[in-house]
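The values are calculated or read from the model by the stated rules, or taken from the named source; none is laboratory data. No experiment lies behind these values; they were computed from the predicted model shown. Neighbour counts run over all protein chains shown; Cβ positions are idealised from the backbone, glycine included. These area figures cover heavy atoms from the full protein model, side chains too; ligands, DNA and RNA do not enter into them. Shrake-Rupley method; radii C 1.70, N 1.55, O 1.52, S 1.80 Å.
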Amino acid sequence: MNRAFTCICGQPIFFRNSVCLGCGRALGYDAARGKLLPLEPTDEPGWWRSSETGTRQRTYQRCENLSSPAACNWLIPPAKPREHTPSLCLCCRLTRTLPDLDVPEHAGWWHRIEQAKRRMVSSLLALRLPIVPRGEDPQRGLAFDILVSQPGLPPVVTGHAGGVITLDAAEADDATREHRRTSLREPYRTLLGHLRHESGHYFWQRLVDGKEWLEPFRAVFGDERTDYALALQNHYNHGAAADWSSRHVTAYASCHPWEDWAETWAHYLHMRDTLGTARGFGIRGDRVELACEPFGPDVLSEDGNGNGALDATDEQFLLWLNHWLHLTVALNEISRSMGVADFYPFVLSRPAVRKLHLVHRVIAHHTPRGGRRRRPLTPPQPQS
C-alpha cells in the first residue's frame, strides 16, 4: 500500500503524523481510503473535514486516543445516526485490555504497540480483509489483550486463541525483545512481526478452517491435526531440523502447520506492505539492476513442471515476488554499507514460495476489488 503522502502546503507527511511539521495543519488517517489527510475544523465542535480539493464534504471526528499515550491519528467517519459515532477509531476499538498506564513504562509500551498495530491493521484493510472488533461481533470479531506479567503468576505468553490476540507488553521494550531474539537465535523479532504472525492464526480460522481451502492448506503446509502442544515442546527442546530452510520461511515455521501458516502469513504481509511503501516513494524492484534468475511459473507447482495455465492472480504473485527478490538484494547491500543487520535476513526456498502463493490465493479469493465481488478463485486440488 502507498504510504507516501503530501500536505496541501507541499511538505511530505508520514503515516504516523498527526500534525504537518511544515505548516502546522492537523492531519488524520482515513483508513477506508488509505490516505493521510490534511484537516480543517468545521463549524460543528469536534468535527473536521479534509482540506483537499473536492473532498471538503467528507467530515470526521478524530480518535479519542489522539490525546492518550497511544497518540492515534486515525479518523472516525460519522455513524447513522450521527450521535452514535464511536469515540475511538476502528483500530483502537480492537484493543480490549491494557496494562496499568499509571506505570510510566507501560504507557510508553502501549504507544509503541499501537503504532505497530495501526500499521498492521491498515495493511489488512488495504487487502480488504474483514476487521471487526470483538465487542461488535462476539463470534467472529478480533480483540487484542495487551498484558504485563505479574509476580507470582504465570508469565504472559504472546499468542492467539478464539479471536483474541494476547501480546506481552514487555515485547515493546527494546532491550527485552533483543534479549529474547538472541536467546532464541532468531534473525528477526519486532512488534509488527508479532502482530502479523498472530493475525495469521486469526485469519486461518476465518478463511481456511472448515472452508474449501482446508485441503489445499493441508497439501502444502501439512496436517494441522497433529499434536500441537507436543510439536511446540519438541521444537523448544530440540530446535528445528537442520534442513528447515529448504521447506519453511523461518525455523519456527517448521514446528507445526499452524505456525508454518502464521509465519508465512506474516512474511506475506511484510512483503506486500514493504513493496507498496517502496513503490509509493518511487522505488521499484523491477528497476533494480540485478543479474539473477527470476522465479518462473514452475515454482508454483509441486513437481516443478509448471505446465498449468496461469491466471491473473498467479501472474500478479510472480510479478511482485520477483520485484521483492530484486528489492531486498539491494536493500541488504545498503544495510551492510551502514554496518547494520541485513534488512531481509531470509532466503525463500521453492516450497516456501508455494506456501506464500497459497496465502496469496486465499486472500485474493476472499477480497473484492473495485467495489464488486469477483468470481471466486478455485482452490487447487491436492496432488496425490
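Note the full-extension length gain between residue 211 and residue 313 as 0.36 nm times their separation in residues minus their Cα-Cα distance, in nm to one decimal. Walk me through the intermediate numbers first.
Details: separation 102, 0.36 × 102 = 36.72 nm, distance 1.98 nm.
My answer for the length gained is 34.7 nm.
Could you work out the pair-distance distribution P(r) of the chain from its alpha-carbon pairs, with 10 angstrom bin width and percents rounded to whole numbers?
Percent of Cα pairs in each bin: 4, 20, 31, 27, 13, 3, 0.
Applying 1/(1 + (r/R0)^6) with R0 = 22 Å to the Cβ-Cβ distance of residue 174 and residue 11, what FRET efficiency is obtained, to the nearest 0.05?
Details: r = 30 Å, r/R0 = 1.35.
Result of the calculation: an efficiency of 0.15.
Determine Rg/Rh for the range 41-165; Rg is computed over alpha-carbon atoms and Rh is the Kirkwood hydrodynamic estimate from the same atoms.
On the way: Rg = 16.6 Å, Rh = 16.3 Å.
Dividing the radius of gyration by the Kirkwood radius yields 1.02.
Just flag the chymotrypsin sites (Phe, Trp or Tyr not before Pro) in the range 1-87 sitting in loop per DSSP whose Cβ has no more than 13 other Cβ atoms within 10 Å.
Here the sparse-neighbourhood loop sites are 14.
Might you report the magnitude of the Cβ-based charge dipole of the range 317-370 about its Cα centre, with Lys and Arg at +1 and Asp and Glu at -1, to the nearest 20 debye? It would help to have the intermediate numbers written out before the result.
Working: 6 positive and 2 negative charges, 67 e Å.
Dipole size: approximately 320 debye.
Going toward the positive end of the dipole of the chain, with +1 on Lys and Arg Cβ and -1 on Asp and Glu Cβ, which of 126, 165, 362 do you reach last?
Value: 126.
Could you calculate the contour length gain from residue 84 to residue 139, that is, 0.36 nm times the residue separation minus the distance between their Cα atoms, to one decimal place in nm? Provide the component values of the computation, followed by the final result.
On the way: separation 55, 0.36 × 55 = 19.80 nm, distance 2.25 nm.
Gain in length upon complete extension: 17.6 nm.
List the lysines whose Cα sits under 26 Å from the Cα of residue 117, skipping any in the same chain fewer than 8 residues away.
The reachable lysines, counting only those whose Cα sits under 26 Å from residue 117, are 35, 355.
Out of the range 222-325, which GluC sites (Glu not before Pro) are coil in DSSP terms and have no more than 11 other C-beta atoms within 10 Å?
Working: sites: 224, 259, 263, 289, 302, 315; in loops: 224, 289, 302.
When the GluC sites (Glu not before Pro) of the range 222-325 are filtered for loop state and at most 11 Cβ neighbours within 10 Å, 289 remain.
Do any cysteines in the chain lack another Cys Cβ under 4.7 Å, and if so which?
91, 92, 255, 292 - these cysteines have no disulfide-compatible partner (Cβ-Cβ under 4.7 Å) in the chain.
Please state the charge dipole magnitude for the chain, taken about the Cα centre, from unit charges on C-beta atoms (+1 on K and R, -1 on D and E), reported in debye and rounded to the nearest 20.
Working: 45 positive and 43 negative charges, 268 e Å.
Value, rounded to 20: 1280 debye.
Could you tell me the calculated FRET efficiency between residue 35 and residue 242, based on Cβ-Cβ distance and R0 = 51 angstrom, to the nearest 0.05? Walk me through the numbers before you get to the answer.
Details: r = 47 Å, r/R0 = 0.93.
Plugging the Cβ-Cβ distance into 1/(1 + (r/R0)^6) gives 0.60.
Let me know the charge dipole size of the range 185-234 about its Cα centre in debye, to the nearest 20, where only the beta-carbon of Lys, Arg (+1) and Asp, Glu (-1) is charged.
Details: 7 positive and 8 negative charges, 46 e Å.
The calculated dipole for the range 185-234 is roughly 220 debye.
What is the diffusion coefficient of the range 210-360 in µm²/s, taking the Kirkwood radius over Cα pairs and the Stokes-Einstein relation at 37 °C with a viscosity of 0.692 mPa s? Intermediate values should be presented prior to the final figure.
Values: Rh = 16.8 Å.
After rounding, the answer is 195 µm²/s.
Given 0.36 nm per residue, what is the gain on full extension from residue 292 to residue 21 after removing their alpha carbon distance, in nm?
Details: separation 271, 0.36 × 271 = 97.56 nm, distance 4.20 nm.
Full extension from residue 292 to residue 21 adds 93.4 nm.
Can you figure out the FRET efficiency of residue 189 with residue 367, using R₀ = 45 Å and their beta-carbon distance, to the nearest 0.05? Please list the in-between numbers first.
Numbers: r = 29 Å, r/R0 = 0.64.
Computed FRET efficiency for residue 189 and residue 367: 0.95.
Under 13 Å from the 7 Å Cα→Cβ point of residue 274, by amide nitrogen: which residues of the range 168-197?
187-190, 193
Could you check how much of the accessible area of the range 215-269 is carbon and sulfur, as a whole percent, using a 1.4 Å probe?
On the way: 1320 of 2470 Å².
The value for the range 215-269 is 53 percent carbon and sulfur by accessible area.
Report, largest value first, the span of the C-alpha coordinates of the range 157-283 along each principal axis, in whole Å.
Extents along the principal axes: 40, 36, 32 Å.
State in Å² the accessible area per residue of the chain; use a 1.4 Å probe, count heavy atoms of protein chains only, and round to the nearest integer. Walk me through the intermediate numbers first.
On the way: 19280 Å² over 384 residues.
With the other protein chains kept in place, the chain gives 50 Å² per residue.
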